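Undergrad: Dropping the structure in here first, questions after.
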Amino acid sequence: MVLEQGIGPTIWVEGEISNYRKQTSGHQYFTLKDANCQLPCVHFARPGMWRRQLALQDGMHVRARGQLTVYETRGQYQLSVQQLQAAGDGLLQAKFEALKRKLQAEGLFETARKRPLPRLPQTAVLITSPSGAALRDMLNVLSRRAPWLHLIIAPVRVQGDGAAEEMVAAMAMVNAWNQNGLPRPDVIVLSRGGGSAEDLWEFNEETLARAVATSSIPVISAVGHEVDFTICDFVSDLRAPTPSAAAELIAPDAIELRRHIAQLTVRLSREAQATFDAAIQRLDIGSEGLGREMQIRMSELRAWLAEQAATLREHRPDQVLKLRRQAVDGLARDLRGCFERNFQKRREHVARAADRLRLLSPEATLQRGYSITTRADGNLVVSAADAPEGSRLLTRTARGEISSVVDRRAPN
């Protein structure tokens with residue numbers, strides 16, 4: 001008691017781990033030592049405390065914060081550890097900065113080499129831990145915002161020795177799908193949740209950074225929290241502050257998408273009507289122009305006839321007059337036939353344009369026998385998987401709506 005009260009509530013001790021033991025209960029026992037002395041330590045397991053703790057082993061250099069206590073059974077004092085961190089953070093930071101300068105000098109951070117994300121991706125690959133909170137967060141966002149998105153999970157370790165190699169192998173496998181006859185994904189999300197600098201260190205490995213930089217598929221880096229930065233963030237095509245933010249970046253909001261489609265439908269209808277009105281107007285203008293041309297030609301013809309009649313009256317060539325009349329009659333027939341043919345061609349052209357415009361309208365699509373089916377929550381049904389057993393469906397046709405319930409049982 002005197003020892004515990006005299007030294008203080010907590011102290012920091014730095015040294016090398018030796019005699020490390022971990023019990024089935026989760027309690028960890030080890031000794032911290034330096035060149036001159038050693039101190040027994042115990043790290044008791046409590047619910048939730050190991051999620052972000054270091055993976056300890058003999059020879060590791062650490063800093064431990066805890067309370068100095070006496071183990072009465074053996075009559076020895078020991079440190080009851082409350083917090084552990086790897087010593088030598090300055091070395092990790094120096095290594096981080098050196099790699100950052102090297103890759104930046106090679107141009108791997110340049111904005112010009114980064115590719116834009118597809119606006120409406122159909123397939124996304126999530127390279128992450130299958131049991132991590134990051135995956136749960138992304139699946140929650142994606143199922144809500146883009147239920148149609150095809151997700152492929154590439155399970156890897158995201159912490160500890162060898163995790164970077166697993167992620168590099170996953171990147172290579174995904175990029176080779178297209179060569180092996182598999183569909184090419186639209187985007188890759190490389191992610192994990194938050195943690196200490198040591199927890200995130202695998203995302204600072206040069207091999208992983210180069211795999212991200214050379215990927216033929218756009219890569220989003222979503223590692224840790226908003227304040228965490230890794231080398232992968234700098235070489236990726238886009239950095240997301242959190243895994244949930246990455247999911248929002250690749251998945252357009254379904255409600256906003258439907259609103260945009262509705263706006264496009266209205267715009268298409270307006271443009272179709274405007275095109276139809278313009279065609280009718282051109283027909284009216286053409287008809288008026290043809291009528292004016294006809295009147296001019298007829299006036300010219302009448303003047304010529306009057307002139308010829310005057311000449312005939314002066315010379316009274318009955319035979320010539322008969323021939324002239326025949327020529328005039330033929331010219332009138334030709335002119336009338338030309339007018340009627342041109343008018344009919346213009347009318348048929350306008351009729352065909354009107355038919356095409358009507359076929360493009362949304363209502364005409366329904367009239368041809370197509371229908372639109374949604375679930376009770378308003379989501380579109382585009383495949384059988386969108387309508388599970390017992391789902392209530394609403395089918396819109398050209399002449400009304402039909403309510404139904406999905407029943408996949410085989411008919412008797």
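Undergrad: Restricting attention to region 322-349, report how many residues are modelled with pLDDT under 85, polar (S, T, N, Q) and surrounded by 11 or more Cβ atoms within 10 Å (Cβ to Cβ).
TA: Within region 322-349, residues that are modelled with pLDDT under 85, polar (S, T, N, Q) and surrounded by 11 or more Cβ atoms within 10 Å (Cβ to Cβ) number 0.
Undergrad: Moving to a separate point now. With the checklist (1) in contact with a helix residue (DSSP H, G or I) (Cβ under 6 Å, 6 or more places away or on another chain); (2) modelled with pLDDT under 95; (3) surrounded by fewer than 23 Cβ atoms within 10 Å (Cβ to Cβ) in hand, flag the one item residue 223 doesn't pass.
TA: So the condition that residue 223 fails would be (3).
Undergrad: How many residues does region 376-412 hold that are over 21 Å from residue 265 (Cα atoms) and surrounded by 12 or more Cβ atoms within 10 Å (Cβ to Cβ)?
TA: Within region 376-412, residues that are over 21 Å from residue 265 (Cα atoms) and surrounded by 12 or more Cβ atoms within 10 Å (Cβ to Cβ) number 7.
Undergrad: Do you know which of the residues in region 172-199 that are part of a loop (DSSP other than H, G, I, E, B) and touching a strand residue (DSSP E or B) at 6+ places or on another chain (Cβ under 6 Å) is nearest to residue 251 (Cα to Cα)?
TA: 186
Undergrad: All but one of (1) in the same structural domain as residue 143 (by TED's automatic domain parsing); (2) surrounded by 15 or more Cβ atoms within 10 Å (Cβ to Cβ); (3) not β-branched (Val, Ile, Thr) hold for residue 283; which doesn't?
TA: Only one criterion in (1) in the same structural domain as residue 143 (by TED's automatic domain parsing); (2) surrounded by 15 or more Cβ atoms within 10 Å (Cβ to Cβ); (3) not β-branched (Val, Ile, Thr) is unmet by residue 283, namely (1).
Undergrad: To continue, here is another question. Filter region 357-375 for residues that are of a type in the set (Gly, Ala, Ser) and surrounded by 12 or more Cβ atoms within 10 Å (Cβ to Cβ) and give the result.
TA: 361, 364, 371
Undergrad: A further question on this structure: Of all the residues that make up region 160-171, how many are outside any helix (DSSP H, G or I) and without any contact (Cβ under 8 Å) to a residue 60 or more places away in the chain?
TA: Qualifying residue count, region 160-171: 2.
Undergrad: Let me ask you something else. Please specify each residue of region 166-190 satisfying the condition of being over 29 Å from residue 380 (Cα atoms) and surrounded by fewer than 16 Cβ atoms within 10 Å (Cβ to Cβ).
TA: 169, 172, 173, 176, 178, 179, 180, 181
Undergrad: Just one of (1) over 25 Å from residue 98 (Cα atoms); (2) loosely packed, with under 13 Cβ neighbours inside 10 Å trips up residue 218, so point out which.
TA: Single failed check for residue 218: (2).
Undergrad: With the requirement that a residue be of a type in the set (Lys, Arg), surrounded by 12 or more Cβ atoms within 10 Å (Cβ to Cβ) and at pLDDT 90 or above, what does region 95-126 give you?
TA: 100, 102, 114, 115
Undergrad: Which condition does residue 82 not pass, out of (1) out of contact with any Asp or Glu (no Cβ under 7 Å at 6 or more places or on another chain); (2) assigned by TED's automatic domain parsing to the domain that holds residue 230; (3) under 24 Å from residue 160 (Cα atoms), if it passes all the others?
TA: (2)
Table: residues versus (1) not assigned by TED's automatic domain parsing to the domain that holds residue 134; (2) not small (Gly, Ala, Ser).
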{"position": "227", "(1), (2)": "no, yes"}
{"position": "231", "(1), (2)": "no, yes"}
{"position": "237", "(1), (2)": "no, yes"}
{"position": "240", "(1), (2)": "no, no"}
{"position": "247", "(1), (2)": "no, no"}
{"position": "271", "(1), (2)": "yes, yes"}
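The values are calculated or read from the model by the stated rules, or taken from the named source; none is laboratory data. Because the structure is predicted, anything quoted here is derived from the model rather than measured. Positions of Cβ are backbone-derived with ideal geometry, glycine not excepted, and every protein chain shown enters the neighbour counts.
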